[in-house]
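The values are calculated or read from the model by the stated rules, or taken from the named source; none is laboratory data. Just so it is clear, the model here is predicted, and its values are computed rather than measured. Cβ: placed from backbone, ideal geometry, glycine included. Neighbour counts: every protein chain shown.
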Amino acid sequence: MEILGCPLPEDRLYDVEEGVWWKADSGDGTARLGVMASRAAFAGTFRELTFRSVDGTLDRGRSVATVESARYTGAVRLPVAAEIVERNERLRQRPRLLNDRPYDDGWVVRVRPADPGAPARTLATAEQVRGAVEEEIRVRRIRCWPLTPEAELIEVGVECSAVLVRLNEELAHRAPGEALLLVTDDPTSPIEMVRWSDQTGERLLAHRQEGNLHQFLVEKLERPEPRVRGPTGAR
């Protein structure tokens, strides 16, 4: 399921107030806990994650980690009483996995609930939280993207040919795998950006329109392969 661009997988349970998801592992009674994509998008790119030094069975609402971005500091809290079985150590080196892969590699901890039946009784399915998530996205003006942009390039009132020159210059300073969000009001940009992607081989991940503004998410590739020949930046 997707809510206004934010993924909400239907194979797990949710606590919208805490902004976390819960997915049972198969067979051993444990589950993984992570941060919802909408909450991660609201926070911005996470720069640091610190696990709490806690052991034994922890009550519902206890913090298992703190996360920080440039504009947000918060706690990842247990939605039910549980014991921590494993911490995702990859997040220490790459906390932005919480943004880029919140429902996969970005899980925070693996836990064993004190009461195996508690998650089903106290947490909600994707369908049950759909309305609440949509409301949160609208009120907080959250924008989810398939890859978290490193920076925004806002080019309003500029012709598309000049926009593409600026885009090429900005991407030249980016590392492979990084993404850039381009915002432009040029009405020809949807066509020109597809042409630009074909000519440069760089990846156009997403396009959205809000009013007269077009938003393009572009990923810098390590070895871009142009699909057609032609000048980039010409109209």
Self-check item: Enumeration of residues in the range 166-175 that are assigned to a helix (DSSP H, G or I) and among the aliphatic types (A, V, I, L, M)
Solution: Leu167, Leu171, Ala172
Quiz item: Based on what the data block shows, is Gly61 assigned to a strand (DSSP E or B) and at pLDDT 95 or above?
Solution: no
Quiz item: Can you pull out the residues in the range 128-165 that are in contact with a strand residue (DSSP E or B) (Cβ under 7 Å, 6 or more places away or on another chain), touching a residue at least 60 places away in the same chain (Cβ under 8 Å) and not hydrophobic (A, V, I, L, M, F, W, C)?
Solution: Arg130, Glu134, Pro146, Thr148, Pro149, Glu150
Self-check item: Check on Thr125, surrounded by fewer than 16 Cβ atoms within 10 Å (Cβ to Cβ) and free of Cβ contacts under 8 Å to residues at least 24 places away in the same chain
Solution: no
Quiz item: Can you tell which of Arg90, Arg96 is within 23 Å of the chain's Cα centre (by Cα) and at pLDDT below 95?
Solution: Arg96
Practice problem: Identify all residues within the range 125-160 that are hydrophobic (A, V, I, L, M, F, W, C) and in a helix (DSSP H, G or I); write none if there are none. | Solution: Ala126, Val129, Ala132, Val133, Ile137, Val139, Cys160
Self-check item: Extreme residue, nearest to the chain's Cα centre (by Cα), among residues of the range 49-58 that are of a type outside the set (S, T, N, Q) and in a strand (DSSP E or B)
Solution: Leu49
Exercise. Taking Arg39 as the residue in question, decide whether it is assigned by TED's automatic domain parsing to the domain that holds Glu68, in contact (Cβ under 8 Å) with a residue 60 or more places away in the chain and among the basic types (Lys, Arg).
Key: no
Quiz item: Which number in (1) of a type outside the set (A, V, I, L, M, F, W, C); (2) in a strand (DSSP E or B); (3) surrounded by fewer than 22 Cβ atoms within 10 Å (Cβ to Cβ); (4) in contact (Cβ under 8 Å) with a residue 24 or more places away in the chain marks the one condition that Tyr14 misses?
Solution: (3)
Practice problem: Might you let me know whether the range 100-107 holds any residue that is touching a Gly at 6+ places or on another chain (Cβ under 8 Å), surrounded by fewer than 18 Cβ atoms within 10 Å (Cβ to Cβ) and in contact (Cβ under 8 Å) with a residue 40 or more places away in the chain? | Solution: no
Quiz item: Here are Ala132, Ala151, Ala120, Ala114: which of them is out of contact with any His (no Cβ under 7 Å at 6 or more places or on another chain), small (Gly, Ala, Ser) and either surrounded by 17 or more Cβ atoms within 10 Å (Cβ to Cβ) or modelled with pLDDT under 95 (or both)?
Solution: Ala151
Quiz item: When only residues in the range 11-48 that are among the polar types (S, T, N, Q) and more than 13 Å from the chain's Cα centre (by Cα) count, which is farthest from Leu98 (Cα to Cα)?
Solution: Ser26
Quiz item: With respect to Val163, is the statement that it is among the β-branched types (Val, Ile, Thr), assigned to a helix (DSSP H, G or I) and in the same structural domain as Ala175 (by TED's automatic domain parsing) true?
Solution: yes
Exercise. Kindly indicate which of Arg47, Arg71, Arg92 is in contact with a helix residue (DSSP H, G or I) (Cβ under 8 Å, 6 or more places away or on another chain), charged (D, E, K, R), surrounded by fewer than 16 Cβ atoms within 10 Å (Cβ to Cβ) and closer than 24 Å to Glu150 by Cα.
Key: Arg71
